[in-house]
1. Would you check if A:Ala30 is more than 14 Å from chain B (Cβ to nearest Cβ) and closer than 18 Å to A:Ala246 by Cβ?
2. Can you tell me how many residues within region A:388-403 are touching a residue at least 60 places away in the same chain (Cβ under 8 Å), more than 14 Å from A:Ala554 (Cβ to Cβ) and out of contact with any helix residue (DSSP H, G or I) (no Cβ under 7 Å at 6 or more places or on another chain)?
3. Kindly establish whether B:Val199 is more than 10 Å from ligand 1 (Cβ to nearest atom), in contact with a Leu (Cβ under 9 Å, 6 or more places away or on another chain) and not acidic (Asp, Glu).
4. Hand me the list of strands (runs of 3 or more DSSP E) wholly inside region A:504-605 holding 1 or more residues that are within 14 Å of chain B (Cβ to nearest Cβ) and buried (at least 21 other Cβ atoms within 10 Å of the Cβ).
5. Take B:Arg83 and tell me if it is part of a loop (DSSP other than H, G, I, E, B), away from ligand 2 (no atom under 16 Å from the Cβ) and surrounded by fewer than 19 Cβ atoms within 10 Å (Cβ to Cβ).
6. Hey, can you tell me all the residues within region A:27-76 that are of a type in the set (Phe, Trp, Tyr) and in contact (Cβ under 8 Å) with a residue 40 or more places away in the chain?
7. So, in region A:66-111, exactly how many residues are closer than 19 Å to A:Arg243 by Cα and among the β-branched types (Val, Ile, Thr)?
8. Would you check which residues across region B:35-68 are touching a Lys or Arg at 6+ places or on another chain (Cβ under 9 Å), aliphatic (A, V, I, L, M) and under 20 Å from B:Gln123 (Cβ atoms) and list them?
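The values are calculated or read from the model by the stated rules, or taken from the named source; none is laboratory data. Everything numeric in this text was worked out from a predicted model, so none of it was measured. Cβ atoms come from the backbone with ideal geometry, glycine included; neighbour counts cover every protein chain shown.
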Amino acid sequence: MTDLLEPRAIGQALVRRDGEAKVRGTATYAYETPVEDPAYCHPVQATIARGRVTAVDTTAAAALDGVLRILTPFDAERLASTEDAEYAVLQSPEIAFRGQLVGVVIAETSEVARQAADAVVVTYAEQEHDSTLAVDRDDLYAPEQVNAGHETDTAEGDVAAAMATAEVSIERTYSTAMYHNNPLEPHATTALWDADAQFLTLWDSTQGVHPDRAAVCEVFGLDQEQVRVVCPYVGGGFGSKGRPHANVMLAAMAARALPGRPVKLALTRQQMFFLAGYRTPTIQQLQLAADRRGRLQAIAIDVVEQTSRIKEFAEQTGVPTRMMYAAPNRRSTHRLAALDVPVPSWFRAPGECPGMFGPEVAMDELAEELGIDPVELRIRNEPEVDPETKKPWSSRNLVRCLREGAERFGWADRPRGRRDGDWLVGYGVASSVYPTMRQATSTATLRFEDGRYVAEIGAADLGTGAWTILPQITADALDVDVADVEVRIGDTRYPTASVAGGSSGTNTWGSALVVAARAFRDKFGGSPADGDEVSGDVDQAAKDDAHAPYAFGAQFVEARVHADTGEIRLPRLLGVFGVGRVVNPRTARSQLIGGMTMGLSMALHENSVWDPRIGQVANHDLAEYHITVNADVGEIEALWIDEHDPYVNVMGTKGIGEIGITGTAAAVVNAVHAATGVRVRDLPVTLDKLLPGLP
Amino acid sequence: MKPFAFARPGDVAEAVREVAAEPNAVFLAGGTNLVDHLRLGVARPELVVDVRTLTSREITDLDDGGLRLGAASTNSEVAADRRVWERYPVLAQALLAGATGQLRNMATTGGNPLQRTRCPYFQDVTTPCNKREPGTGCSAVGGYVRYHAILGTPGALPDPTAPETCIATHPSDMAVALAALDARVHTIGPAGVRTIPFVDLHRLPGDDPSRDTVLEHGELITAIDLPPLPEGTRSAYRKVRDRASYAFALVSVAAVVDDGDVRIALGGVAHKPWRASRAEEILRGGPLTEHAVRAAMDAELAAAQPQPGVESGNGFKIPLVARTVAATLRGLTEEQP
Ligand SMILES: Cc1cc2nc3c(=O)[nH]c(=O)nc-3n(C[C@H](O)[C@H](O)[C@H](O)COP(=O)(O)OP(=O)(O)OC[C@H]3O[C@@H](n4cnc5c(N)ncnc54)[C@H](O)[C@@H]3O)c2cc1C
Ligand code: SF4
């Protein structure tokens, strides 16, 4: 247990420090980095889903005015490590998925690069490909572990027996679609090798300059001292910039072909649907057994999802079911199909986001079956300790969130199949959860400089607010005015920082900053001299292993379905969260309503439609891949309860970047069901799925 | 992407001459569709002739009580014109249901009806497409067909390898309203000027899916006329889409109703804006009861062919379009004082 920092700057809704630069357009993003005489890249992509490149004819392309170099699998430099097949760009003629990189053109302008890339003629020996995910495939396998180091399968008691004897049981299959992260800023890099090709500078759009550098060093066989990664601003990542993708290696490789000359590479929106990661579709088989009073006797989830044939990513979809509700008999499994598809990766709340869909709809179905209020059903299954680890919770306020949300939303008066003019109206609820994490490495230095406190740490601000809230934390740790603190981030010249992922950034970097601030005060007292400096490391911060740390929440949705057309509108969304202490209500609210909006988007719109005949996403641009727009979002409110958690970290923060997207889609499905009586178990909920059930 | 020559001639006649002289030349208006296609390699012209400032941008009253929309008038301007939203609400509503404010500020009266299909395979040059590259086949059949046609197709699952197969829809909202209004299109081409009934501007794929319209190469739209409507005529546009804004129609309905007469055009269901002539005929003169409308739409849709495909195909459009017509006509008749 730790005494939490006394909040002074913490808790204030300070405006973003980087806001003005962004509004004025003076904040430079990776691709815009002002460099002298840049060259431009355009990738060449495979047009088959499986097979081998037999020849690449670059004659016509190379003849174009302004083309500098063309790299192909046959002449590209050999990389130091090809262990990670996603990063082994142009190392072999084998094709593992449609859209894979098979070349790159470097030219004087981006237009010529693109023209030349179109003119490169690639011939293939095509093989039959297989890209269809299904539960009944005979080659599903259990990965060694699933993302974030979780066990693949867990089991306790006897689910089958409980299902056979329980008073009520529910057995259903749910599925979530394939999703592409689609941050506004595409994946982009400006890369520059010095004239001797010994030192590489990467201005890269990334969620972590240090992890980015580590991956590049590994692939190119470089020492850390040979690479600098710079990234002050990121136009969104949602996980897709948490690990570098092949485009970063391609940019570095292209630049090495022209040492001394900066090279720029930005993926087009269409290319992002092949090369920048995505969330696997999931198929979730749920089993719930309960007594008449709604006490769960068994809860089980069996997940089937996909990965690419060349690199495994196993989304931990079954993980939240392991800890959400009490039940003596429990099971969770994950099975993968390794397909001829692009490499899946992190997408906001990997695991929890899809994994809070099936179970939270199943709970609604169970509530209906039992005739119990779905809010009440959840409350009746509140576990006293973490059912998985048997540890006590660091704090768990799901019940408070549910009750407070129900009260504010008017849940007690919820309409049941009410019709308002042309619209059918219904309310739905679901729970949210996200684990509280802190990464093992991160260091901050703190220096007294010209009367101000300057901290440096290689952290990242994806638009989340790190530029603003890290000074708030540091100021409170130093007991000074926040205006006297500056925190510099986004450069490997600053001390090592962990990735902005797993909602762990504030918990991790903040902890390191507090360690540094306290060490600074210990060493230099209240009136330091110019140049006084210390550093602090997250591993010196108090750590608690005795509790299960999670953030919880409850989301409420009003759905309106047009009785003639089945069009779905969501005029109201309310989320109430227990996320520990909130450092900055303004940026926190953005994260929470942003997550909820993305959850809405997942519920109604987002869907990378897979065409298994050719092995690609058919709707691979933003005109056809629908993301929720303003007109789809009515009233959206995110609130949080006062929560004091002395176990998570010295700030008392739990992380807020991801919890907002969890549970939303289930709440939407439940609301649509309340409005129409139609239960949609395959996302997205679209009008064609409702039409047969409409009056 | 491929380099092209760019010309900005002094007048319409010169523009027509320049395009007519180069088999691989195109007109450019607002560019909101064409420029995307240049980038994607869907359009690969040798010559692009900018006509944006050559045709009229005016909206003028006609002697017969109708309105003339100059080809260069923007979608925003037309939608905001008082005469349009008072006399032709169906058109204003259709325009405002399309794209976004920014796009409508650029998009023109001439360009909008000539925008090309949003079929994803048409827009992806790595997949076969009879419309983009005649004779290569149709990738959409059996694929992602949520936005594809149910009417005017040779049948469900036509032969994807046949050179005449195309199940694309025309994506314009404006065009659906213009079809219901019996608008007339004025053109000037190498063979001189002519006027084409709007309903005859677009064509079904027939044996050449590469041709969306009856316009000849080098034929330029100069204006579109809206004929006068009898006193008391009511009209409305209803667009059904997955997202509340900034999405193309799954189906749409333009309806124009006056005593005893009803005109219905459907969007999102065919290679062209679809005048529901059979339904109109059945309903003409009779009361627009729910029952009558449903029966008329059943007749109209008797020949509809749902396309199977990934996810569950597009069969949902058949009940959806019938329901949407019924709802639209209900709205128009209930409004009646
Ligand atoms: C993201 C996005 C969403 C959209 N959503 C919608 C929507 O919901 N509903 C909708 O209806 N539309 C929508 N649009 C399409 C938009 O309405 C059209 O792109 C626009 O109307 C085309 O007009 P333009 O003047 O820009 O045409 P251009 O792009 O300049 O030209 C289009 C075609 O018409 C030809 N052309 C242009 N003018 C003439 C002329 N006077 N005579 C002969 N030929 C001519 C050109 O050669 C070209 O082939 C959307 C577009 C985008 C990019
Ligand atoms: S439907 Fe038409 S436009 Fe689409 S792929 Fe087939 S031929 Fe091309």
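1. On the way: more than 14 Å from chain B (Cβ to nearest Cβ): yes; closer than 18 Å to A:Ala246 by Cβ: yes.
For A:Ala30, the condition - more than 14 Å from chain B (Cβ to nearest Cβ) and closer than 18 Å to A:Ala246 by Cβ - is met.
2. So the count comes out to 6.
3. Details: more than 10 Å from ligand 1 (Cβ to nearest atom): yes; in contact with a Leu (Cβ under 9 Å, 6 or more places away or on another chain): yes; not acidic (Asp, Glu): yes.
Against the criterion (more than 10 Å from ligand 1 (Cβ to nearest atom), in contact with a Leu (Cβ under 9 Å, 6 or more places away or on another chain) and not acidic (Asp, Glu)), B:Val199 qualifies.
4. On the way: elements: A:533-537, A:548-562, A:568-578.
Per the criteria, A:548-562, A:568-578.
5. Values: part of a loop (DSSP other than H, G, I, E, B): no; away from ligand 2 (no atom under 16 Å from the Cβ): yes; surrounded by fewer than 19 Cβ atoms within 10 Å (Cβ to Cβ): yes.
The answer is no for B:Arg83.
6. Applying the first criterion (of a type in the set (Phe, Trp, Tyr)) to region A:27-76 yields A:29, A:31, A:40, A:74.
Residues satisfying the conditions are A:Tyr29, A:Tyr31, A:Tyr40.
7. Adding up the residues that qualify gives 2.
8. B:Leu38, B:Val42, B:Ala43
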